[in-house]
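The values are calculated or read from the model by the stated rules, or taken from the named source; none is laboratory data. None of these values were measured; they are calculated from a predicted model. Positions of Cβ are backbone-derived with ideal geometry, glycine not excepted, and every protein chain shown enters the neighbour counts.
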Amino acid sequence: MGRNCLVLFICFCLFSFEAVAKKGKYNDVSKNVYHIDVLDVVDGDTLFVEIYYTNTLSEKINIRLIGIDTPEKGGNARCDDEKVLAREATKFMKGILLSAEKQGKKFFINGVKKDKYGNRIDANVYFSDGEFLGNDVVNVAGEMLKTDLAVSYNGGRKLKNWCD
């Protein structure tokens, strides 16, 4: 009897955890803040990260930064000038993140939602010395907007022509 109860309890915990994780992962998380590790810079507005939802639940996924657009790379670029700008934007993004990492900053996201294509998420990305709500919080998209390598973007039609 004791062994059967233990097996039932373990099964219940596993199924409950999975249901909670699936339900809560992207639903109404705009106010939730998650710690991330940046694994790679895809381009000027997209990062490959590991998101830590809990101490035991994480996910590796591409994140597109909310609020900005940068030049497209490779086959998505409309001209050679855009490809050059895309490489510069990617390099600048890597510099921002590497500098923060060397200073011991922690990375966070919030405002998480599925993107319109479904293969990544959109989120605000920040770094700070420790806690998310500290005085030293830096918005990564805001840092990119200080350059000519990013423009404001609301998710609709892209207005910037990087080939002009």
If a residue must be more than 20 Å from residue 120 (Cβ to Cβ) and in contact (Cβ under 8 Å) with a residue 60 or more places away in the chain, how many such residues does segment 65-81 contain? 3
Within segment 102-158, which residues are at pLDDT 95 or above, part of a loop (DSSP other than H, G, I, E, B) and either at positive phi or within 18 Å of the chain's Cα centre (by Cα) (or both)? 150
Among (1) in contact with a strand residue (DSSP E or B) (Cβ under 6 Å, 6 or more places away or on another chain); (2) without any contact (Cβ under 8 Å) to a residue 40 or more places away in the chain; (3) of a type in the set (A, V, I, L, M), residue 84 falls short only on (1)
Just give me the residues in segment 84-102 being within 16 Å of residue 164 (Cα to Cα) and either buried (at least 19 other Cβ atoms within 10 Å of the Cβ) or among the small types (Gly, Ala, Ser) (or both), in sequence order. 85, 86
